[in-house]
Amino acid sequence: MRRLIALGAAVVLLAAGTPAPTSAASATFVDVPRSHVFLDEITWLADEGISRGYPGPGGTRFDPSAPVLREQMAAFLYRVAGEPEVEVPVVSPFVDVSPQHVFFKPIVWLASTGVSTGYTEPGGKKSFRPSQPVLREQMAAFLYRLRDADIGVTDVPPLSSDLELFTDVAGSHVFFDQILWLAYVGITTGYEEEDGISFRPSQPVLREQMAAFLHRYERPVFGGTFRLVAPTETMLSMSDDGRTVVHGASYTLPDTSVVGGVSVWDRDAGESTPVVDLDGEAHYVDGGLLSGDGRWLAVTSASARMAPGDVQDDDIDVFLIDRATDERVKVSQGSTSRWSSTDAGLASLSADGRYVVFSSWANDVVDHDLPSGVNLYRWDRETGETIAINHAPWPQFTSGVGGGQASADGSRIVFWSAGAEVPEDDNGLADAYLWDDGDITLLSRAVGGGPGNAASYVDLISPDGRFVKVRSSATDLVAEHDPYVDEYLWDAESGSLEKGPRATHFGGTGEEIVGFQRLFSSHPDYFAFAWDRSDLIPDANGGTQVLMLDETTGSIDVITRMPDGSLPFNGFHSSPRMSADGRYVVFSARSSALIDGHEQDGLFSWDRFGID
């Protein structure tokens, strides 16, 4: 087919909001003036041989305002697909399309690929209705199916039927998924109405609109819009639907001192609300991990009034807040009393908000002895039970225990410890471990057995718990050690470590590094990441940008472009988080001119659909 689909090592970069290029060699249609809004798209259609027009008074005509007929659409899509070979039957599959029909071959191809199956008439026979206009909802279905026939997958996100993208397309619409996909990939933006954005599904597709649709299908424009979430660069977490964002904030106390706090931004309300204690004060709050549904919020605080019954002890504790009821529970409590002493830290929260993983210096969190110092624990909201993750004491003057990242269901937790958590760990150094429902596995294992010959740590665990990112300076974790590699991938399926990519300044490629990072994304097809090198961004402009990988096509698109499509000069964008359906990306920005060309720092939200 005509479209170049980049897979594997190939990368296609698409400019956000960039208009279609004008061809100097374009065919001329006497009824398409140079001022026509879709001149470039119609020119492209002619240059590619997708539409040749027809003779008329004064020369070749395009008839831009005429509706597209179904027979014409068959021809257009067939040419877009590169006019593939098709076995032409002697007997037509449709009662109203004879083998002598001028577009018989394209219509047969359309049916053979499943792009259009026609209509079932009384008696069970099939008709194509070639002279009927194509409706906009039908166009969505045609392109959706063409995409699937083209590359074997239609990159439709798991969109909810409650999503009100277009005011006139309900979740029960027969082509709901297809129409939202059309918007999702930037083929249509709909119509601006007084009460929102409409799609007008029952209107015929005009030939000029068809030119735009097909051009965007072949050369998609990566658009979207930006909103300023907060004038802070610190993002803490986000709900799966991207409509709730937890971020850092600063607050002035009654004594005029300024302290760090946590606020929750609501997309619908368009504003942030501070997390406060029972006295209504927002001071001494940190952490800020949100469950997938946005209901449960885990924070740390030294406030004496964060939960009922709290007492003044000046220690930092971990709390879980039910945002639906504002009920608050202290998580880092003692086994024999409600309150334990000494500081605690927040490590992770399971996707359903059931499990909280935290660290604590207290010696009374569980009812059995643990190493003196900081230890890791998992608290269960449903049972109220707290269990220890690590158990072994560590040698004097070593770093102790850290990490605590959990899989989405909270059943697997990765951590590092200088203690011998398994009998074979005898190196007295920090090593990487996996806690799996009580069982502990040494991840930083040397090729010959036992722990590695240098310290190892853990950074990430994939949502499904399969992959773990291990960071180590050991030289014996893999058979062929690379001195320029300090990241490794542990795979639960194989139970072994593999080398990660080299850093870019040591010869690592963007494709390798992004592919490694991609394993820790929750979306099956899309991955948002920050990048600053020209191997993925030819016009990097000296800054760090946020990009999105689409694995269905292998394309990488730059999200952080200014309204004119250019990249902010020296703009620094980082820490992107993507919603579960791939629609929203929230990221930090410094000196960025993404909105109205004015440089500003803060936390930004990008909406793929360009309407929120």
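The C-alpha atoms of the chain define a longest principal axis, and helix 136-151 lies at about 70 degrees to it.
With contacts taken as Cα pairs under 8 Å at a separation of at least 6 residues, the chain carries a relative contact order of 12 percent. Ranking Val468, Gly495, Pro451 by Cα position along the charge dipole of the range 441-497, where only Lys, Arg, Asp and Glu carry charges on their C-beta atoms, puts Pro451 farthest toward the positive end. At the residue level, His215 shows approximately 10 square angstrom of accessible surface with a 1.4 angstrom probe and all protein chains present. Within the accessible surface of the chain, defined with a 1.4 Å probe on protein heavy atoms only, the carbon and sulfur portion equals 49 percent. Computed packing ranks the peptides 95-101, 449-455 as 449-455, 95-101, most packed first, by mean other Cβ atoms within 10 Å. Counting only protein heavy atoms and a 1.4 Å probe, the chain has 43 square angstrom of accessible area per residue.
Straight-line reach from Lys499: which lysines have Cα under 28 Å away, leaving out those fewer than 8 places along the same chain? Output for Lys499: Lys469. Straightening the chain between Val259 and Arg61 buys 64.4 nm, computed as 0.36 nm per residue apart minus the Cα-Cα spacing.
In this view, the solvent-accessible surface of Ile316, computed with a 1.4 Å probe and all protein chains in place, comes to about 70 Å². Within straight-line reach of Lys125, meaning a Cα separation under 26 Å, sit the following lysines at least 8 residues removed in sequence or on another chain: Lys105. Helical runs assigned H by DSSP (4 residues or longer) give the chain a calculated mean residue ellipticity at 222 nm of -3500 deg cm²/dmol, each run adding -39500 (n - 2.57) before division by the residue total. Between the helical axis of 104-113 and the dominant principal axis of the chain, each derived from Cα atoms, what acute angle in degrees is found, rounded to the nearest 10? Computed tilt is about 20 degrees.
Taking every DSSP beta bridge that has both ends in the chain, the antiparallel portion is near 100%. What does the C-alpha gyration tensor say about the overall shape of the range 77-142? Classify as rounded when a/c is under 1.5, otherwise prolate if a/b is larger than b/c, or oblate. Judged from the Cα gyration tensor, the range 77-142 comes out oblate (a/c at least 1.5, b/c at or above a/b).
Sorted largest first, the principal axis extents computed over the alpha-carbon atoms of the chain equal 92, 61, 56 Å. If you plug the beta carbon distance of Glu192 and Asp532 into 1/(1 + (r/R0)^6) with R0 = 45 Å, you get a FRET efficiency near 0.80. The longest stretch of the chain left intact once loop-based chymotrypsin sites (Phe, Trp or Tyr not before Pro) with at most 15 other Cβ atoms within 10 Å are removed from consideration, loops following DSSP, is 1-396.
Note on Ser591 and Glu382: with the Förster distance fixed at 45 Å, the Cβ-Cβ geometry gives a FRET efficiency of about 0.45.
Would the range 359-434 count as rounded, prolate or oblate if I go by the C-alpha gyration tensor, calling it rounded below 1.5 in a/c and otherwise prolate when a/b exceeds b/c, oblate otherwise? The shape class here is oblate. At the residue level, Lys126 shows approximately 70 square angstrom of accessible surface with a 1.4 angstrom probe and all protein chains present.
The values are calculated or read from the model by the stated rules, or taken from the named source; none is laboratory data. Quick caveat: nothing in here was measured; it's all calculated off a predicted structure. Counting neighbours? That spans all protein chains shown, and the Cβs are built from the backbone with ideal geometry, glycine included. We work out accessible area using only protein heavy atoms, side chains counted, and drop any ligands, DNA or RNA first. Shrake-Rupley method; radii C 1.70, N 1.55, O 1.52, S 1.80 Å.
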